[in-house]
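Okay, structure first, notes after.
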Amino acid sequence: MSEAFTVPTAGLIENLGPGCFVQIRDNDNLLWVEIDAVYDSEFKGRLHPKLNQGYCPFEEENEVLFCKEQITLLGCDRYCFC
């Protein structure tokens, strides 16, 4: 299924902003997040548990902080249109 999503590159990650959807790795979980804010070395966003395939430890749209190294896929042209 990952072939349907955009693989992150340094240039694409640099251009992420509010409204972009990304999949992040949090321990053993892969979670979809909608970015709300971009800081120097971190992003803040809302989890979207309904977009996750399989197990998600959260049932609500909780807010999370994450770094670019945690980003595994981009939702470009699927969940957002950058």
Selected residue (only one of Gly45, Gly11 is at pLDDT 85 or above and either in a helix (DSSP H, G or I) or surrounded by fewer than 16 Cβ atoms within 10 Å (Cβ to Cβ) (or both)): Gly11
Take Val22 and tell me if it is farther than 14 Å from Thr72 by Cα and among the hydrophobic types (A, V, I, L, M, F, W, C). no
Going by the structure shown, is Val33 surrounded by 15 or more Cβ atoms within 10 Å (Cβ to Cβ) and more than 9 Å from the chain's Cα centre (by Cα)? no
Return the residues of segment 35-48 that are in contact with a helix residue (DSSP H, G or I) (Cβ under 9 Å, 6 or more places away or on another chain) and acidic (Asp, Glu); say none if nothing qualifies. Glu42
Could you count how many residues in segment 73-82 are part of a strand (DSSP E or B) and touching a helix residue (DSSP H, G or I) at 6+ places or on another chain (Cβ under 8 Å)? 3
Scanning segment 52-69 residue by residue, the ones that are farther than 14 Å from Glu14 by Cα and either in a strand (DSSP E or B) or modelled with pLDDT of 80 or more (or both) total 5
Number of positions in segment 14-42 that are assigned to a loop (DSSP other than H, G, I, E, B) and polar (S, T, N, Q): 3
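The values are calculated or read from the model by the stated rules, or taken from the named source; none is laboratory data. None of these values were measured; they are calculated from a predicted model. Note: ideal-geometry Cβ built from the backbone for every residue, glycine included; neighbour counts use all protein chains shown.
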